[in-house]
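Each reported figure results from applying straightforward, stated rules to the coordinates on display, with no laboratory input. Computed from a prediction, not measured in an experiment: that's the story for all the values here. Backbone-built Cβ (ideal geometry, glycine too); neighbour counts: all protein chains shown.
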Amino acid sequence: MEFLKQLSAAQWMLTLLVVVLLAGLAFFVGVTIIERRQAQAVAGMAPHASPAHSRVAVVYFSRSRNTGLAARHVATRLGAAIHQLEVPEYELGLAGLTRSAFAANARRNDPAALPDTTPRQLNLTPFDTVWLGSPIWFYSPAPPIWAFVEHNRFDGQHVVLFNTFNSNLGADQIAAFKAKVLARGARSFEHRQVLRGRMTRQLTPEEMLGVIDSEWFGLTPDKHARSSTVKPP
Ligand SMILES: Cc1cc2nc3c(=O)[nH]c(=O)nc-3n(C[C@H](O)[C@H](O)[C@H](O)COP(=O)(O)O)c2cc1C
C-alpha cells in the first residue's frame, strides 16, 4: 500500500478515470448479455400471422424483442395485421446498444434526427385503428417509431401508442408524440404502457402479457401481474 501514497494527483485522476471507464464497460456488457438472453427467451412466444382482412394494424419497433412480444399479443387479441419496423444499426450487441443510445440522445436534441426504418411507409388506408409499439429510450418512444410517424399519415384513424420500458418515461414526450400523430391526420390518440422493472428484477414475459391483458384489455388479471402505473420522471 506504500506505493499508493506515492501517487501524484495526476496519477490518481488517471486511475479514477480508468476505474470509471471499466465500470461503464462492465455495465454495457452486462446489459448486452441480459438483452440477448431476453431476446432469445421471447423470440418464439405468441406467434401471430396477419389475417387477410382486418380494420386494425399493429406497427412496432423492438430491439430486444419485448415490445415485439407485446405487439404479437396485442395483434392476436385484436385479430390485427402486424408489421415490424427494422433498423439494422440498432441490432443487439455493444455496437448496436451504443448507436441506439446516441440516436436517442440525438433525437431528443434535434427532433429531425431520425433513422431509416424498413419499411419506411405502409399503406394504412384499410385500417380504422393503428397501434404503434416501441420501447422507451431516454424517456421517449425510440427514434424508429417517431420516424414512422414522420413518414406516414393516419387520416381519420384512432392511434394507440404502446410502450414497454424499465423504469421511467416522460409524460412530456408522450404529449409530443400525441401532437405529432394528430398533426399527421389521426382523429384520436391513446397511450398504453407496461413497466417491466429494472434489469435485475423485471417482469417475466408471461407476467408482462398478464399485465397487458388486465390493464389494456380488462381481462382476468394474472395473479402474478404487477401494476404498471408509474410516476413521471
Ligand atoms: C438506448 C436505450 C435507452 C433506454 N432508456 C430507457 C429509459 O429512459 N427509461 C426506461 O424505463 N427504460 C429505458 N430503456 C429500457 C427499454 O425501454 C426497455 O428495456 C424496453 O422494454 C425494451 O424493449 P425492446 O425489448 O422491445 O427493445 C432503454 C433501453 C435502451 C436500449
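What the table shows:
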| item | result |
| --- | --- |
| Looking only at the stretch 130-162, and only at residues there that are of a type in the set (S, T, N, Q) and more than 10 Å from the ligand (Cβ to nearest atom), the one that is surrounded by the fewest Cβ atoms within 10 Å (Cβ to Cβ) | Asn152 |
| Candidates Gly30, Gly68, filtered to the one that is part of a helix (DSSP H, G or I), of a type outside the set (Asp, Glu) and farther than 20 Å from Thr200 by Cβ | Gly68 |
| Top-ranked residue of the stretch 98-129 - restricted to ones that are in a helix (DSSP H, G or I) and crowded, with 19+ Cβ neighbours inside 10 Å, ranked as farthest from the ligand (Cβ to nearest atom) | Arg107 |
| From the options Val58, Val74, residue that is part of a helix (DSSP H, G or I) and either surrounded by 14 or more Cβ atoms within 10 Å (Cβ to Cβ) or touching a strand residue (DSSP E or B) at 6+ places or on another chain (Cβ under 7 Å) (or both) | Val74 |
